[in-house]
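The block underneath contains the structure these notes are about, expressed in structure tokens.
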């Protein structure tokens, strides 16, 4: 109950603060002016230009509402989450995307070692292959989260800083960017700092465009995964079952791979017979009123969680990639 009340309090507080800034955007606020001064001192930005930009950026209270954690985390359902993404239209759309951009996908695999189906699955989960990249104004959204959402203000101030740097480097206005309610951009939904660190100009046109260039989006996803330790040719996950009460120790230990499957048997874990003998972690995927699914998550599973720190997310990417790979192989064989 205290967590629910805390979330409600923060939301109400944020709405009140946002409404106070709406008349002139953010430019009149002391905390925003302090941020502008910091950007001037650290990066040489013109104070007056930044204040004009923030004066045009209107608070986005809907972004705060969207980013608030669920009131009751216990109702999270793996089966419901999975069903949102592993469904016919997303599979069909993924096959069309794969066919249309196969040369770029093959080139990304050769360059970065990431399988085509994994890249396609991530873009499919993130934006349905570019169909839903978000319409929130990025500057205003990140400013709202940076100055009116205390639980994650530090993160979003860093992303606001990254957006301003990205816009300057790309010779674009910060007002020209739009994306998700969390400030994520383009087909792969990279935050501005991720664009600056891992985005790739793969089509060779001299600029990175994750919204309009599928080649850039494909290679950027691949570069992100490779940079976070993807092991080419290694597994992602394997099924497991559990018994007794010691396996909970492995769940509590987190998702960083540490033990071999054979070592997990002492904790009541029974890996699938063909589970690779490589370091892994025990992953639990719970659904209310249903049996929990258990999997072994290998290094590449962990790498996918660097993209989105959720076991539900990583397992969905894995499951969608398997569906896409199998269906594409079947269709190619039938030609």
Report, by residue number, each residue of the range 63-78 that is surrounded by 13 or more Cβ atoms within 10 Å (Cβ to Cβ) and part of a helix (DSSP H, G or I). 63, 64, 66, 67, 78
Single residue of 13, 53, 95, 105 found to be in contact with a helix residue (DSSP H, G or I) (Cβ under 9 Å, 6 or more places away or on another chain) and either at pLDDT below 95 or exposed (fewer than 12 other Cβ atoms within 10 Å of the Cβ) (or both): 13
How about the range 135-155: which of its residues are crowded, with 18+ Cβ neighbours inside 10 Å and either assigned to a loop (DSSP other than H, G, I, E, B) or without any contact (Cβ under 8 Å) to a residue 24 or more places away in the chain (or both)? 149
If we scan the range 213-231, do we find a residue that is under 18 Å from residue 165 (Cβ atoms) and either surrounded by 14 or more Cβ atoms within 10 Å (Cβ to Cβ) or in contact with a strand residue (DSSP E or B) (Cβ under 8 Å, 6 or more places away or on another chain) (or both)? yes
Here are some conditions: (1) out of contact with any strand residue (DSSP E or B) (no Cβ under 9 Å at 6 or more places or on another chain); (2) surrounded by 23 or more Cβ atoms within 10 Å (Cβ to Cβ); (3) in contact (Cβ under 8 Å) with a residue 60 or more places away in the chain. Residue 189 meets all but one. Which one does it not meet? (1)
Note on residue 202: of the conditions (1) touching a strand residue (DSSP E or B) at 6+ places or on another chain (Cβ under 8 Å); (2) part of a loop (DSSP other than H, G, I, E, B); (3) closer than 30 Å to residue 131 by Cβ, unmet is (1)
If I filter the range 164-183 for residues that are surrounded by fewer than 19 Cβ atoms within 10 Å (Cβ to Cβ), under 16 Å from residue 67 (Cα atoms), in contact (Cβ under 8 Å) with a residue 12 or more places away in the chain and under 14 Å from the mean Cα position of the chain (by Cα), do I get at least one hit? yes
Has the range 102-119 got any residue that is under 20 Å from residue 316 (Cα atoms) and assigned to a loop (DSSP other than H, G, I, E, B)? yes
Search result, residues across the range 259-291 that are in a loop (DSSP other than H, G, I, E, B) and either touching a residue at least 60 places away in the same chain (Cβ under 8 Å) or exposed (fewer than 13 other Cβ atoms within 10 Å of the Cβ) (or both): 273, 274, 277, 286, 287, 288, 289, 290, 291
What do you reckon, is residue 158 out of contact with any strand residue (DSSP E or B) (no Cβ under 9 Å at 6 or more places or on another chain), assigned to a helix (DSSP H, G or I) and surrounded by fewer than 16 Cβ atoms within 10 Å (Cβ to Cβ)? yes
It is to be established whether one or more residues within the range 227-244 are within 30 Å of residue 111 (Cα to Cα), assigned to a helix (DSSP H, G or I) and at pLDDT 95 or above. yes
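Residue 119: closer than 15 Å to residue 232 by Cα and in contact (Cβ under 8 Å) with a residue 40 or more places away in the chain, yes or no?
On the way: closer than 15 Å to residue 232 by Cα: yes; in contact (Cβ under 8 Å) with a residue 40 or more places away in the chain: yes.
Yes.
Against the definition (part of a helix (DSSP H, G or I), out of contact with any strand residue (DSSP E or B) (no Cβ under 6 Å at 6 or more places or on another chain), surrounded by 12 or more Cβ atoms within 10 Å (Cβ to Cβ) and at pLDDT below 95), how does residue 39 come out, yes or no? Steps first, answer last, please.
Details: part of a helix (DSSP H, G or I): yes; out of contact with any strand residue (DSSP E or B) (no Cβ under 6 Å at 6 or more places or on another chain): yes; surrounded by 12 or more Cβ atoms within 10 Å (Cβ to Cβ): yes; at pLDDT below 95: no.
No, not satisfied.
The values are calculated or read from the model by the stated rules, or taken from the named source; none is laboratory data. These numbers were taken from a predicted model, which means no experiment stands behind them. Positions of Cβ are backbone-derived with ideal geometry, glycine not excepted, and every protein chain shown enters the neighbour counts.
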